[in-house]
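*Asks:* This is the structure I want to talk about, given as structure tokens.
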Amino acid sequence: MKLNLNIQPLSSWIKTGSEPLLIAGPCSAETEDQLVATAHLLAKTGKVSALRAGIWKPRTRPGEFEGIGSIGLEWLKRAKEETGLPTTVEVATGKHVEEALKAGVDILWVGARSTVNPFTVQEIADALKGVDIPVMVKNPVNPDLSLWIGALERINNAGITKLAAIHRGFSSYEKSPFRNEPMWDIAINLKTLAPELPLINDPSHISGNRDLIGYISQKALDLDMQGLMIESHIDPSVAWTDAKQQVTPAALAEIITHLTLRKPEIRNAELKDKLAELRTQIDKIDDLVIQKMAERMQIVEQIGNYKKANNVTILQVNRWDEILRKGVNYGKALKLSAEFTEKLLELIHAESIRKQTEIMNKSEAGQAAEKLTHA
Ligand code: PEP
Ligand code: MN
């Protein structure tokens, strides 16, 4: 089911062009000079549509730099006056919203640590009632699509229609080259549920490391995300926050120049035909896969009835290990990754167990009634 959001296009509130939309600026505003000088260099690249800077910083541990506070809003104002770049800051309380609005900030964003908390999001939404300002909502720290959607809905219900989502990756316990696991499928799910909602990628917070920013940015554009938010600092080596992931404005321009912007729609007729033909083939195969799954589940049901009649447990671990091992080896021989085959088999197996559990727990009377209705 699609989400019921009332959204205005991105181009109604930020400059979009033929290059990828880019919002850039330091993780934190540290000093007036640092912010204004960074803004000038960013503006000079000609690639930046808005200047970002954290004024109130939600740090994981107390004692880390928690943001310069309201004075930073004055610096942002100056940066905007001198460069013409619209500005954006993170807001985490109703008071932040009030102050940012008063200082003429152009765009607000809700950070990952706020999106996780519906109380916080509602407080921000309440402060936004009756105000016409664009708001970007970062995904929550944890991989929970509903929380992300909930936050977008709360802000939208407050009357904010210039709305975008920012994909900044998710906390994960597993070791990974990324600071925050991208978990692209969650962002894709959001895009599927709300195709009109602009989706901006934040490769800086996904990567946690400047060397990966180009790679993540390209991947985001290839998934048809509409823009990028990238942290840029005049001298990242001395940045007070997120030093490892920030890039100089010059390095940022270099990254952007190397990105390829692929079109979601194909204009070339021949290519279009070829793609349509290949898609038809895929659709046919998908139909077959579903049909085969249905056949498999019918047999699973028969097995379930048989196990019930003979008092046999649903799960027989040895048999499942055997299916998995054989399947993964077969998949490998056919050039499917072991991870993919394992996930696929686990999904099928989980559904089979669910079906058999249903059968085991159904009373005799219920089963007889069902037989009658199907007769
Ligand atoms: C930030 O943008 O500097 C920030 C704190 O990001 P996030 O909320 O994604 O952690
Ligand atoms: Mn940061």
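The values are calculated or read from the model by the stated rules, or taken from the named source; none is laboratory data. As the structure is a prediction and not an experimental result, all values here were calculated from the model. Glycine also receives a Cβ, built like all others from the backbone with ideal geometry; neighbour counts cover every protein chain displayed. Note: accessible area is taken over every heavy atom of the protein model, side chains too, but ligands, DNA and RNA are not part of it. Shrake-Rupley method; radii C 1.70, N 1.55, O 1.52, S 1.80 Å.
*Asks:* Would you mind telling me which numbered condition in (1) open to solvent by 50 Å² or more (accessible area, probe 1.4 Å); (2) over 25 Å from residue 11 (Cβ atoms) residue 153 fails?
*Replies:* (2)
*Asks:* Given the options 79, 103, 125, name the one that is in contact with a strand residue (DSSP E or B) (Cβ under 8 Å, 6 or more places away or on another chain) and free of Cβ contacts under 8 Å to residues at least 60 places away in the same chain.
*Replies:* Being in contact with a strand residue (DSSP E or B) (Cβ under 8 Å, 6 or more places away or on another chain) and free of Cβ contacts under 8 Å to residues at least 60 places away in the same chain holds for just one of 79, 103, 125, which is 79.
*Asks:* While we're on this one: Looking at residue 68, is it surrounded by 15 or more Cβ atoms within 10 Å (Cβ to Cβ), of a type outside the set (Ser, Thr, Tyr) and under 27 Å from residue 9 (Cβ atoms)?
*Replies:* no
*Asks:* For the range 237-255, which residues satisfy the criterion of being assigned to a helix (DSSP H, G or I), more than 11 Å from ligand 2 (Cβ to nearest atom) and buried (at least 19 other Cβ atoms within 10 Å of the Cβ)?
*Replies:* 249, 252, 253, 255 - these are the residues of the range 237-255 that are assigned to a helix (DSSP H, G or I), more than 11 Å from ligand 2 (Cβ to nearest atom) and buried (at least 19 other Cβ atoms within 10 Å of the Cβ).
*Asks:* Against the condition free of Cβ contacts under 8 Å to residues at least 40 places away in the same chain and away from ligand 1 (no atom under 14 Å from the Cβ), how does residue 209 come out, does it pass?
*Replies:* So residue 209 fits the description; yes.
*Asks:* If we keep just the residues of the range 30-40 that are within 16 Å of residue 253 (Cα to Cα) and crowded, with 19+ Cβ neighbours inside 10 Å, which is nearest to ligand 2 (Cβ to nearest atom)?
*Replies:* 38
*Asks:* Say we look at the range 12-29 and pick out the residues that are modelled with pLDDT of 95 or more and among the polar types (S, T, N, Q); which of these is least open to solvent (accessible area, probe 1.4 Å)?
*Replies:* 28
Rundown of residues vs (1) assigned to a helix (DSSP H, G or I); (2) β-branched (Val, Ile, Thr); (3) outside the structural domain of residue 208 (by TED's automatic domain parsing); (4) more than 19 Å from residue 224 (Cα to Cα), yes/no style:
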position	(1), (2), (3), (4)
123	yes, no, no, yes
132	no, no, no, yes
137	no, yes, no, no
140	no, no, no, yes
147	yes, no, no, yes
166	no, yes, no, no
172	no, no, no, yes
176	no, no, no, yes
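*Asks:* Among 234, 188, which is away from ligand 2 (no atom under 15 Å from the Cβ), open to solvent by 10 Å² or more (accessible area, probe 1.4 Å) and either in a helix (DSSP H, G or I) or not hydrophobic (A, V, I, L, M, F, W, C) (or both)?
*Replies:* When all the criteria are applied, what remains is 188.
*Asks:* Does the range 192-224 hold any residues that are touching a strand residue (DSSP E or B) at 6+ places or on another chain (Cβ under 7 Å) and open to solvent by 10 Å² or more (accessible area, probe 1.4 Å), and which are they?
*Replies:* 210
*Asks:* Just for strands (runs of 3 or more DSSP E) wholly inside the range 27-113: which have at least 1 residues that are of a type in the set (S, T, N, Q)?
*Replies:* The strands (runs of 3 or more DSSP E) meeting that bar are 87-90.
*Asks:* Restricting the range 41-64 to residues that are out of contact with any helix residue (DSSP H, G or I) (no Cβ under 9 Å at 6 or more places or on another chain) and either open to solvent by less than 40 Å² (accessible area, probe 1.4 Å) or within 14 Å of ligand 2 (Cβ to nearest atom) (or both), which is nearest to residue 86 (Cα to Cα)?
*Replies:* 50
*Asks:* Within the range 182-205, how many residues are in contact (Cβ under 8 Å) with a residue 40 or more places away in the chain, within 13 Å of ligand 1 (Cβ to nearest atom) and of a type outside the set (D, E, K, R)?
*Replies:* Looking only at that region, the number is 3.
*Asks:* Tell me, which helices (runs of 4 or more DSSP H) lie completely within the range 313-375 with 1 or more residues that are modelled with pLDDT of 90 or more, in the same structural domain as residue 302 (by TED's automatic domain parsing) and within 35 Å of the chain's Cα centre (by Cα)?
*Replies:* 317-333, 338-361
*Asks:* Next up: So is residue 146 within 16 Å of ligand 2 (Cβ to nearest atom) and either of a type in the set (S, T, N, Q) or surrounded by fewer than 18 Cβ atoms within 10 Å (Cβ to Cβ) (or both) or not?
*Replies:* no
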